[in-house]
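The values are calculated or read from the model by the stated rules, or taken from the named source; none is laboratory data. Since we're looking at a predicted model, the values are computed, not measured. Cβ placement follows ideal geometry from the backbone for every residue including glycine, while neighbour counts extend to all protein chains displayed.
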Amino acid sequence: MTKSDIETRAKFDHIRYAQLWEDADVLVKALGDQKGKILVSICSAGDNALAMLLLDPAKIVAIDLSPAQIACLKIRIAAYKNLEYAEFTELMGIKSSDKRIDLMQKLLPELESDVADFWRQQFDDVEKYGLCGVGKFERYFRIFRKWMLPRAQSRSTIEGVFESKPKAERKKFFENRWDNWRWRLLLKFFFSNFVMGRLGRDPAFFDHVEGSLSDHVARRVYHAGVDLQPEHNPYLQYILLGKFTTALPLAWREENFETIRKRLDRIECRTGSLEAFISTGEKADGFNLSDIFEYMNEDIFAQVYDSIVGASNPEARLVYWNMMVPRRVPGKYSSLVTRLQDFEDQCKAADKAFFYSDFVVEEVR
């Protein structure tokens with residue numbers, strides 16, 4: 001099997017992300033018209049691959065190095081097929097529930113035996129937090145909410161973030177109430193490369209990062225709290241409140257539930273690297289590449305990018321995020337790939353998944 005460089009440097013034997021931390025609204029906008037076409041998506045927890053079904057493609061190949069992340073998508077597929085929307089919200093952790101284990105028991109017969117066994121081992125966490133709360137990254141934010149955030153902000157200040165107000169008032173609120181010295185100290189410690197690498201992501205994910213993660217997070221929190229409307233931001237709500245109050249990610253909204261349910265047979269789950277998909281000789285019309293280029297040095301990035309272009313049909317869209325490592329089409333491929341700057345600018349301005357500094361939309365000529 002063709003391996004990825006990051007496989008040699010990071011562990012992929014557990015759920016790192018139990019929900020998607022990338023905004024599917026901007027993803028589907030950036031991918032454009034994909035009706036009847038072939039798409040590839042880095043799986044992670046599977047929510048964005050499910051959201052891509054709203055584009056009405058012929059097939060989506062959801063691929064991930066981690067069997068645990070593929071298991072997240074498989075349990076979601078079983079949930080969409082077998083649960084009503086109200087039950088789905090309970091199991092996911094969108095709504096409180098005392099019957100999550102009963103719902104899981106209902107879904108396990110729909111899964112392969114090894115995937116069902118994997119989820120039986122997660123029952124305690126699923127019962128407490130729902131499917132969306134059982135990952136390492138979500139546990140990192142629980143520590144933040146329980147032990148760190150109350151030392152910097154009062155409950156009324158935290159709840160005040162989500163009160164609807166015009167931008168000028170949001171700016172005043174941020175500068176006068178939120179951005180205090182305790183908050184800045186918290187950022188320096190808890191959102192450092194070291195702490196997030198060990199408690200939230202993986203230390204190897206920061207191998208190519210230069211600069212301060214805490215400074216980056218400070219800038220992005222300002223963007224989320226001032227430039228955007230927090231009451232419309234599910235990611236900020238989950239981080240600060242541990243729940244969704246007035247917003248949900250695209251794939252979890254009730255108006256999209258039945259459409260996704262009807263198209264589930266178009267998703268193909270594969271455990272392995274993106275390079276493994278490319279080695280099959282298959283071609284695609286759109287790629288959701290998440291932030292995978294962040295984990296590569298420039299030489300490996302150029303090699304992988306070249307192979308993606310080779311696996312792309314004409315006019316295929318390449319969509320990906322950068323957090324702290326700048327990655328864009330390598331210069332030697334600039335004659336083959338066009339940057340869609342108008343799409344990028346529109347999407348970056350609206351991107352609610354505020355950790356990322358850049359959002360890239362490119363099209364193969």
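Picking from 226, 217, 221, which residue would you name as being among the β-branched types (Val, Ile, Thr), modelled with pLDDT of 95 or more and within 28 Å of residue 248 (Cβ to Cβ)? Working first, answer last.
Working: 217 fails: modelled with pLDDT of 95 or more; 221 fails: modelled with pLDDT of 95 or more.
Unique residue meeting the criteria: 226.
Could you say which residue among 345, 285, 299 is more than 21 Å from residue 21 (Cα to Cα), in the same structural domain as residue 59 (by TED's automatic domain parsing) and surrounded by fewer than 17 Cβ atoms within 10 Å (Cβ to Cβ)?
Testing whether each residue is more than 21 Å from residue 21 (Cα to Cα), in the same structural domain as residue 59 (by TED's automatic domain parsing) and surrounded by fewer than 17 Cβ atoms within 10 Å (Cβ to Cβ) leaves just 299.
Residue 41 passes all but one of (1) of a type in the set (S, T, N, Q); (2) buried (at least 20 other Cβ atoms within 10 Å of the Cβ); (3) in a loop (DSSP other than H, G, I, E, B); which number fails?
(3)
Tally time: how many residues in the range 312-341 are farther than 25 Å from residue 21 by Cβ and not in a loop (DSSP other than H, G, I, E, B)?
Let us first name the residues in the range 312-341 that are farther than 25 Å from residue 21 by Cβ, namely 312-315, 330-338.
Filter once more, keeping what is not in a loop (DSSP other than H, G, I, E, B): 312-315, 331-333, 337-338.
Matching residues across the range 312-341 total 9.
Within the range 82-182, considering only helices (runs of 4 or more DSSP H) that don't extend past its boundaries, which have at least 1 residues that are of a type in the set (A, V, I, L, M, F, W, C) and at pLDDT below 95?
Numbers: elements: 85-92, 100-107, 113-120, 123-129, 136-143, 155-160, 167-173.
By residue number, 136-143.
Within 18 Å of the chain's Cα centre (by Cα) and in a strand (DSSP E or B): is that true of residue 360 in this structure? Lay out the reasoning, then the answer.
Numbers: within 18 Å of the chain's Cα centre (by Cα): yes; in a strand (DSSP E or B): yes.
It is true that residue 360 is within 18 Å of the chain's Cα centre (by Cα) and in a strand (DSSP E or B).
Just a yes or no: is a residue in the range 297-315 within 16 Å of the chain's Cα centre (by Cα) and either touching a residue at least 12 places away in the same chain (Cβ under 8 Å) or closer than 30 Å to residue 236 by Cα (or both)?
From the range 297-315, those within 16 Å of the chain's Cα centre (by Cα) are none; that's our starting set.
No, there is no match, as no residue in the range 297-315 is within 16 Å of the chain's Cα centre (by Cα) and either touching a residue at least 12 places away in the same chain (Cβ under 8 Å) or closer than 30 Å to residue 236 by Cα (or both).
Take residue 292 and tell me if it is hydrophobic (A, V, I, L, M, F, W, C) and closer than 26 Å to residue 54 by Cα.
Judged against the criteria, residue 292 is a match.
Need pairs with beta-carbon distance below 7 Å; first residue in contact (Cβ under 8 Å) with a residue 24 or more places away in the chain and within the range 238-266, second outside any helix (DSSP H, G or I) and exposed (fewer than 15 other Cβ atoms within 10 Å of the Cβ); sequence gap 6+ or separate chains.
Pairs found: 266/58.
Which of the residues belonging to the range 323-341 are under 23 Å from the mean Cα position of the chain (by Cα) and at pLDDT 90 or above?
Kept after step one, since they are under 23 Å from the mean Cα position of the chain (by Cα), are these residues of the range 323-341: 323-329, 339-341.
Once the filter is applied, which keeps residues that are under 23 Å from the mean Cα position of the chain (by Cα) and at pLDDT 90 or above, the range 323-341 yields 327, 328, 329, 339, 340, 341.
Restricting attention to the range 102-149, which residues are within 19 Å of residue 83 (Cα to Cα) and charged (D, E, K, R)?
Hits for the range 102-149 are 102, 106, 110, 112, 120, 127.
Kindly check whether there is at least one residue in the range 191-207 that is within 20 Å of the chain's Cα centre (by Cα), under 30 Å from residue 148 (Cβ atoms) and either at pLDDT 95 or above or in the same structural domain as residue 325 (by TED's automatic domain parsing) (or both).
no
Give all pairs with beta carbons closer than 8 Å in which a residue from the range 180-201 that is more than 25 Å from residue 18 (Cα to Cα) meets a residue that is at pLDDT 85 or above and assigned to a helix (DSSP H, G or I); count only pairs at least 6 apart in sequence or on separate chains.
Listed pairs, sorted by first residue: 182/151; 184/218.
Within the range 55-79, count every residue that is among the basic types (Lys, Arg) and closer than 20 Å to residue 282 by Cα.
Count: 1.
When you go through (1) surrounded by fewer than 21 Cβ atoms within 10 Å (Cβ to Cβ); (2) not in a loop (DSSP other than H, G, I, E, B) one by one for residue 245, which number turns out not to apply?
Residue 245 satisfies every listed condition except (2).
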